[in-house]
Structure formats: structure tokens, C-alpha cells
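Peer 1: Got a structure for you, written out below as C-alpha cells; questions coming shortly.
The values are calculated or read from the model by the stated rules, or taken from the named source; none is laboratory data. Predicted, not measured: the structure shown is a model, and the values here were computed from it. All Cβ positions, glycine included, derive from the backbone under ideal geometry; neighbour counts span all protein chains shown. Surface accessibility is based on the protein's heavy atoms, side chains included, excluding ligands, DNA and RNA. Shrake-Rupley method; radii C 1.70, N 1.55, O 1.52, S 1.80 Å.
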Amino acid sequence: MEKSLSRACYGQEFPRLFAAVATLYGVLDRKKSPLSPELRSLVTVRVSQVNWCAFCVDINAMTLAKCAGSMDKVEALDNWQDSDLFNAQERIALEYTEAVTYSDRQVTPELMKQLKEHFNNDAVIELTGLIAFQNMSSKFNAALDVPAEGFCKIPKK
């Protein structure tokens, strides 16, 4: 049963679902995005961590490490509030990411005001879409227990 669910997640059993998800991801992961590849990766890893998706953390952490040039941000992301590795734009994006992702939080007018100090309207909309997409993806994969594939070796603490 587990293997067939994993195949289903990768589109072998539900090709239309996979194609639709891939199309949406393609819209969000494009070269002309107002968000940098590193910031997009940072957000997708954080959403994946919050949603306990081992596969998503694995694959997105690999991309983040590649974009950032090291594993430092990957390793510090669980406790980003206490790390000096993240700049002001990354910090507000991560705060917004958590406000959207955690069901017991919400986006306040003050948070949106702070977000708009770092991002224009197009970037805020794209960031919101990316967070929503990654929530769907990571919750889907976590619910079906899609395992990490070893793309990124994150040291155990």
C-alpha cells in the first residue's frame, strides 16, 4: 500500500493531478519572479518544517543550500528568530510565512505593513501564493508519509 501511495504522489497513478500541481509550481518557480531563488527556498523549507514533511524539507533544503552556498541557513532555520544569518527581508518573510502557515496565527495589519516595507504588491502576492502552494504540497506529502529521499543531508542536532 505504501508504495502505491508514493507512486500516486509522484503522478504515476494520478497524472492529471500531478500535471496541475506541476503547472502551478511552474508559475511560482520562474526566473522572472519578484522573489529571489534563495528567499523562495527559505520559505518552502520553513513551511515544510512546520508541516512535518520530511520529503519537502529534504528536497527544498537541498535547493536552499545550493542557493545560499552553504548549509548554514538550512541548519539555522528551525530557530531563525535567534540567528544572525537572516537579513531583515528574510526575517519578515519568515514571520509572514509562519503567520500564514500556523493555524493559530493570523496576518495582522501591522505585519502586512512591515511586509510591504520590504516587498511590493506583486512580490507580496507571489510570496502568499508560494506559501499557500507549499502548505498544500507539504500537507499532501506528509499525510501520505512520503519519505525523504536523501537529497540533502541535514546534520542531526
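Peer 1: Leaving ligands, DNA and RNA out of it, rank MET136, MET112 by accessible area with a 1.4 Å probe, largest first.
Peer 2: Largest to smallest exposure gives the sequence MET136, MET112.
Peer 1: Among the listed pairs LYS32/LYS66; LYS31/LYS116; LYS116/LYS153, which are separated by more than 26 Å between their Cα atoms?
Peer 2: LYS116/LYS153
Peer 1: Here is a further query. Quick check: pseudo-label points 7 Å beyond the Cα along Cα→Cβ at LEU85 and PHE151, how many nm apart are they?
Peer 2: Here the answer is 1.8 nm between the modelled labels.
Peer 1: Can you figure out the FRET efficiency of ALA99 with ALA54, using R₀ = 30 Å and their beta-carbon distance, to the nearest 0.05?
Peer 2: It comes out at approximately 0.80.
Peer 1: Relative contact order for the stretch 91-157: what percent, with Cα pairs under 8 Å and sequence separation of 6 or more?
Peer 2: 28
Peer 1: Keeping all protein chains in position, work out how much accessible area CYS67 exposes to a 1.4 Å probe, and write it in Å² to the nearest 10.
Peer 2: For CYS67, the solvent-accessible surface is approximately 50 Å².
Peer 1: In what sequence, largest accessible area first, do ASP78, ASP145 appear using a 1.4 Å probe?
Peer 2: Ranked list, largest accessible area first: ASP145, ASP78.
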